[in-house]
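Note sheet for the following structure.
Throughout, read-outs are computed from the coordinates displayed, never taken from laboratory work. As the structure is a prediction and not an experimental result, all values here were calculated from the model. As a convention, Cβ positions derive from the backbone with ideal geometry for all residues, glycine included, and neighbour counts pool all protein chains shown.
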Amino acid sequence: MLKNNKNRIIIGIIAFSAIFITVSIIVFQNNSVEALSKYGSRGNEVTQIQTKLKRWGYYNGNVDGIYGTQTLNAVKYFQRKNGLTVDGIAGPATLKAMGIYGSSSSSGSSSSNSSNVNLLARLIYGEARGEPYTGQVAVGAVVMNRVKSSSFPNSISGVIYASGAFDAVRDGQINLSPNSDAKKAAQDALNGWDPSYGAIYYFNPATATNKWIWSRPMTVTIGRHRFCK
């Protein structure tokens, strides 16, 4: 009799564990579904997505919080330009690339991102203060494009502090405190806005003496800077 009671207890524990695991999986899956925006979604998250994509030039529609066809196509465009899975769904990876889920990152990741924003902002301020805002973002985008290129170091600090890479590092302007525009431009560049159209170099035609830089294919001119590949 005692043995039978023990068996019933063991079976009960196993059954309870199975139910608990099943419920946990369902809850996790439901939370995962809710942690993204897709066609037909509505709400504040969609508004954030539209606002950022419109600022960066991916979206031309109204910021209405409705995930319609225009928003879907804009998200696909953003994903295509930033090496993400092109499915039109603003899932965790896409939202992270847009800087929307920064608050849910670990403290280490948040600290690292803050450090990158500050360093990139200091470079932008040293290299392009006084330039149009789009031109400041483009300078930041050049750094990001170099990080992605196999021809340059694979980190923001590595690119910025590479020997002879930027005048602001050589003359010490990298150590100046950036203003709010430079910080905002750095964040926009980190989030994927690239007004340089893939450039990995830029220079001022009025002061450039290096003949090699003039031979690079130009992508766009913004303010006093010519951007090229």
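Here is how the numbers come out for the structure above:
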item: Residue-by-residue Karplus 3J(HN,Hα) for the stretch 182-187, coefficients 6.51, -1.76, 1.60, Hz, glycine and proline x; result: 5, 5, 5, 5, 4, 5
item: Charge tally in the Cβ shell below 12 Å around residue 94, where Lys, Arg are +1 and Asp, Glu are -1, residue 94 excluded; result: +4
item: Proximal charge balance of residue 154 [Cβ under 14 Å; K/R count +1, D/E count -1]; result: +2
item: Local electrostatic count, residue 50, Cβ distance below 15 Å [Lys/Arg +1, Asp/Glu -1]; result: +4
item: Phi to ³J(HN,Hα) by Karplus 6.51 cos²θ - 1.76 cosθ + 1.60 over the stretch 208-222, Hz, x for Gly, Pro; result: 5, 10, 7, 5, 4, 5, 5, 7, 6, x, 7, 9, 5, 10, 10
item: Residue order, fewest to most beta carbons within 10 Å, for 214, 56; result: 214, 56
item: Mean separation of Cα contacts under 8 Å (6+ apart) over length of the stretch 44-89, as relative contact order %; result: 31 percent
item: J(HN,Hα) series, the stretch 52-62, from Karplus relation 6.51 cos²θ - 1.76 cosθ + 1.60, nearest Hz, glycine and proline x; result: 5, 5, 5, 4, 8, x, 8, 10, 10, x, 7
item: For residue 201, residues with placed amide H under 5 Å, excluding near neighbours; result: 228
